[in-house]
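S.K.: Below is the structure I would like to discuss, written out as structure tokens.
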Amino acid sequence: MIFSLLKRLFGLCAGLLLLMGCDAMNTLSDARRYTSQGAPYEVVTICNQPIWEGPVGEQLRKILRAQDPYLNAQESLFDLFQVTPRNVTKIVDDHRNQIEVKIDPKLEAASAGARYDVTASPQIIVTLQGPSQEAVAAYLEQHAEALVQLLEKAERDRAINYAKRHNEPYIQEQILKTFGVKMHVPKGYVLAKQTSDFMWMRYEYPAASKGFMLYSRPYEGKASLSDIAVERARLKFAAEIPGPSEGSYMTTSYAFPPICRTVKIDGRIWVELRGFWDVENDFMGGPFVSYSTLDEASRRVLTLDCYIYSPKLDKRNFMRDVEHLVHLIEFPTTDAKQ
């Protein structure tokens with residue numbers, strides 16, 4: 001479960017360093033690299049058929065095809081594919097996310113390493129090696145959480161870098177003016193509604209929609225960041241988003257109660273609320289995630305509240321897009337203590 005993975009994030013540092021420490025060197029100059037291929041959260045495993053059908057392939061499928069529990073649909077954490085070494089084409093060689101598996105009886109123990117932007121950019125290539133399939137499979141089982149976090153971070157960094165290059169200056173200006181914080185808003189969002197303490201941005205697709213709210217309220221002590229306070233604030237501000245019919249508006253679904261926890265993101269403490277939204281007096285819904293924190297400069301609680309609506313298309317990548325938004329907020333000070 002991704003929740004259990006994230007809950008123990010701080011315990012993964014050693015595993016991440018182990019996975020990344022083998023080789024983090026770029027081997028080609030920028031001029032010689034191609035644009036990487038493949039869709040977000042797609043991983044290609046390069047290994048022969050016995051490895052893919054054996055304990056190593058079984059362990060990789062168990063880890064990377066695990067179900068994402070925060071989506072109201074059956075979707076895996078990653079889309080995992082396998083290619084044998086002799087079938088590697090230029091497209092595979094330039095894929096954004098690769099896992100190489102090497103079995104060599106001369107090796108003393110199983111290990112892993114990560115390289116970046118080897119043949120294309122942005123790109124990550126994770127190499128798993130060991131004296132036997134059993135040794136590599138055991139290593140994978142031990143470092144499963146670190147592998148998931150490593151691949152997720154690679155995708156997140158790409159999204160963040162893209163948003164910083166391609167963004168919506170007008171919306172960013174309004175956010176700074178309204179809340180006193182900087183935020184890189186990815187290209188494509190439009191400002192749908194704005195008041196003195198609330199902004200709603202939306203991004204429409206032909207068959208899906210994603211969006212986020214920013215809202216603030218007075219900080220009145222630690223109780224302002226309690227589970228109850230965060231949920232009540234969401235009910236109040238989500239009602240500002242109208243539904244498709246007269247008198248309808250967004251609300252929080254309690255068919256599956258939301259989960260609230262404290263997380264640390266980029267050095268700042270946030271209260272994360274995850275759950276599902278629906279529409280009062282109508283039939284719509286989907287997953288949401290909100291992040292609330294104390295902005296010490298204004299002595300107010302700032303909340304980033306993100307949602308998606310995708311009744312026909314897969315939801316995972318849309319949800320990841322809005323989850324990354326919290327990493328695009330910059331406060332005038334980063335020493336928030338709650």
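S.K.: Collect the residues in region 248-286 that are in a loop (DSSP other than H, G, I, E, B) and open to solvent by 50 Å² or more (accessible area, probe 1.4 Å), keeping them in residue-number order.
M.R.: Within region 248-286, Y254, A255, F256, P257, D266, N281, F283, M284 qualify.
S.K.: Collect the residues in region 170-204 that are touching a residue at least 60 places away in the same chain (Cβ under 8 Å), surrounded by 15 or more Cβ atoms within 10 Å (Cβ to Cβ) and touching a Pro at 6+ places or on another chain (Cβ under 9 Å), keeping them in residue-number order.
M.R.: Within region 170-204, G180, V181, V185 qualify.
S.K.: Of (1) among the acidic types (D, E); (2) farther than 23 Å from L77 by Cβ; (3) without any contact (Cβ under 8 Å) to a residue 40 or more places away in the chain, E231 satisfies all except one. Which?
M.R.: (3)
S.K.: Could you tell me which numbered condition L19 fails, if it satisfies all but one of (1) under 30 Å from I259 (Cα atoms); (2) open to solvent by less than 30 Å² (accessible area, probe 1.4 Å); (3) at pLDDT below 90?
M.R.: The number of the failed condition is (1).
S.K.: Kindly indicate which of I265, I269, I259, I241 is out of contact with any strand residue (DSSP E or B) (no Cβ under 7 Å at 6 or more places or on another chain) and at pLDDT 95 or above.
M.R.: I265
S.K.: Just to be sure, is I99 modelled with pLDDT under 95, within 29 Å of S36 (Cα to Cα) and either buried (at least 21 other Cβ atoms within 10 Å of the Cβ) or in contact with a strand residue (DSSP E or B) (Cβ under 8 Å, 6 or more places away or on another chain) (or both)?
M.R.: So I99 does not fit the description; no.
S.K.: Mind checking whether some residue in region 116-133 is within 19 Å of N48 (Cα to Cα) and among the small types (G, A, S)?
M.R.: So the first thing to find is which residues in region 116-133 are within 19 Å of N48 (Cα to Cα), and the list is 125-133.
Okay, now just the ones that are also among the small types (G, A, S), so 130, 132.
Yes.
S.K.: Report the residue count in region 64-92 for those that are closer than 16 Å to T127 by Cβ and either in a strand (DSSP E or B) or out of contact with any strand residue (DSSP E or B) (no Cβ under 8 Å at 6 or more places or on another chain) (or both).
M.R.: Total meeting the criteria: 2.
S.K.: Has region 236-257 got at least one residue that is in contact (Cβ under 8 Å) with a residue 60 or more places away in the chain and charged (D, E, K, R)?
M.R.: There is no residue in region 236-257 that is in contact (Cβ under 8 Å) with a residue 60 or more places away in the chain and charged (D, E, K, R).
S.K.: Moving on. Can you pull out the residues in region 154-167 that are open to solvent by 40 Å² or more (accessible area, probe 1.4 Å), free of Cβ contacts under 8 Å to residues at least 60 places away in the same chain and not hydroxyl-bearing (S, T, Y)?
M.R.: From region 154-167, those open to solvent by 40 Å² or more (accessible area, probe 1.4 Å) are 156-157, 161-162, 164-166; that's our starting set.
So of that shortlist, the ones also free of Cβ contacts under 8 Å to residues at least 60 places away in the same chain come out as 157, 161-162, 165-166.
Scanning region 154-167 gives D157, N161, R165, H166.
S.K.: While we're looking at this one, here's another question. Could you please let me know if G267 is free of Cβ contacts under 8 Å to residues at least 40 places away in the same chain and within 19 Å of the chain's Cα centre (by Cα)?
M.R.: For G267, the condition - free of Cβ contacts under 8 Å to residues at least 40 places away in the same chain and within 19 Å of the chain's Cα centre (by Cα) - is not met.
S.K.: Might you let me know whether region 39-54 holds any residue that is within 30 Å of W277 (Cα to Cα), modelled with pLDDT of 95 or more and open to solvent by 50 Å² or more (accessible area, probe 1.4 Å)?
M.R.: So far as region 39-54 goes, yes, one or more of its residues are within 30 Å of W277 (Cα to Cα), modelled with pLDDT of 95 or more and open to solvent by 50 Å² or more (accessible area, probe 1.4 Å).
The values are calculated or read from the model by the stated rules, or taken from the named source; none is laboratory data. None of these values were measured; they are calculated from a predicted model. Here Cβ is always computed from backbone atoms with ideal geometry, including for glycine, and neighbour counts include all displayed protein chains. Ligands, DNA and RNA are excluded from the accessible area calculation, which covers all protein heavy atoms including side chains. Shrake-Rupley method; radii C 1.70, N 1.55, O 1.52, S 1.80 Å.
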